[in-house]
1. Report the residue count in the stretch 204-237 for those that are of a type in the set (Asp, Glu), outside any helix (DSSP H, G or I) and open to solvent by 40 Å² or more (accessible area, probe 1.4 Å).
2. Could you list, in sequence order, the residues of the stretch 189-214 that are out of contact with any Gly (no Cβ under 8 Å at 6 or more places or on another chain) and among the hydrophobic types (A, V, I, L, M, F, W, C)?
3. Is one or more of the residues making up the stretch 170-178 open to solvent by 30 Å² or more (accessible area, probe 1.4 Å) and of a type in the set (Ser, Thr, Tyr)?
4. Considering only residues that are in contact with a Ser or Thr (Cβ under 6 Å, 6 or more places away or on another chain), in a helix (DSSP H, G or I) and of a type outside the set (Gly, Ala, Ser), which ones fall in the stretch 40-53?
5. Which residue, of Gln56, Gln37, is outside any strand (DSSP E or B), polar (S, T, N, Q), buried (at least 20 other Cβ atoms within 10 Å of the Cβ) and touching a residue at least 24 places away in the same chain (Cβ under 8 Å)?
6. When the stretch 94-122 is examined, which residues are found to be under 22 Å from Thr243 (Cα atoms), touching an Asp or Glu at 6+ places or on another chain (Cβ under 9 Å) and not hydroxyl-bearing (Ser, Thr, Tyr)?
7. Of everything in the stretch 102-117, what is among the hydrophobic types (A, V, I, L, M, F, W, C) and either closer than 17 Å to Ala55 by Cα or in a loop (DSSP other than H, G, I, E, B) (or both)? Give them in sequence order.
8. Does at least one position in the stretch 79-97 carry a residue that is assigned to a helix (DSSP H, G or I), among the polar types (S, T, N, Q) and under 25 Å from Pro295 (Cβ atoms)?
Amino acid sequence: MEALALERKAEMNRELRERLMELKKERNAIILAHYYQRDEVQEVADFRGDSFLLAQKAAQTDADVIVFCGVHFMGESAKILAPSKTVLIPDERAGCPMADMVNVDGLRKLKAKHPNAKVVTYINSSAEIKAETDICCTSANAVRVIQSVDSEEIIWVPDKNLGHYVQQHTDKKMIIWEGYCNTHDMLTVKDVVEMKAKYPNAEFVVHPECRPEVVEMGDFVGSTTAILEYCKKSSTKEFIVGTEDGTGYQLRLDSPDKQFHFATKFLVCPNMKVNNLKKLVKCLETMKPQIYVPPAVADKARESLERMLLVK
């Protein structure tokens, strides 16, 4: 029975992929998928990437329709950077708890309290917060962005863990918001100690969205893309991975001869995983849900994103 069920699922996925190819051509659509998506979604994407790469692709594409397989703030960023495009998201319930941890009123009060500070906002934030921001950043370019800002005082929102990591690499004063990524913040020192005991020859690679005491244990610390590149180029054959488990797809694709052990079974973002192949096809058939950002908000938010894209 199990073999039959797997065979039926494989056949259904094959039919869905065929239908998807038809719809992409019909709609002149491009599919962008974050590295944290399900394998079946990453397989059919035109581009896989982190928030930074996908923001760049959205800004550059000639497609009429962008299907963003990620969470809501990523779709918003695509719409802000490509306002003339139709931007779809397979499931509008794909939110981001960390993005919800910062609000406009609170940020405005903090800005009033520190009038000489510049606001640097992690891209994992709403369009409304980006509109209150001087420049955005991702985990891949956060340190470079901070160093590029013409101010010795920085208001950093919303991720305190990434903020703590960045603070170790700058002399600037940072006022750090108290948000965090629910998924990365779950990883504990105890988890890592147990995995290192179980796999003594493995290197521990970790995302700076994890807790500071966990990040300190890393043999390599970096953004999702940096972790992928490091593991691909490393001569090490075994890794303990401290980031969301969707990255396993690209890790295994890049290095089929290496072993990857996720540091805990809880490194799964439920919001990223609500998207699937069936919903992807349906959103292109119905052309909804569509991402909408009010023009006044989008215009202000675009400035902070475009400044980020200029940082080398």
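1. Going through the stretch 204-237 one residue at a time, the tally reaches 2.
2. If the condition is that a residue be out of contact with any Gly (no Cβ under 8 Å at 6 or more places or on another chain) and among the hydrophobic types (A, V, I, L, M, F, W, C), then Val189, Val193, Met195, Ala197, Ala202 are the ones that fit.
3. no
4. Matches in the stretch 40-53: Phe52 only.
5. That would be Gln37, the only listed residue that is outside any strand (DSSP E or B), polar (S, T, N, Q), buried (at least 20 other Cβ atoms within 10 Å of the Cβ) and touching a residue at least 24 places away in the same chain (Cβ under 8 Å).
6. Within the stretch 94-122, Met98, Met101 meet the criteria.
7. Matches in the stretch 102-117: Val102, Ala117.
8. Within the stretch 79-97, none of the residues are assigned to a helix (DSSP H, G or I), among the polar types (S, T, N, Q) and under 25 Å from Pro295 (Cβ atoms).
The values are calculated or read from the model by the stated rules, or taken from the named source; none is laboratory data. Remember, predicted model here, so these are calculated numbers, not experimental data. Using ideal geometry, Cβ is built from the backbone for each residue, glycine included, and neighbour counts are taken over all protein chains shown. What goes into the accessible areas is simple: the full protein's heavy atoms, side chains included, and nothing from ligands, DNA or RNA. Shrake-Rupley method; radii C 1.70, N 1.55, O 1.52, S 1.80 Å.
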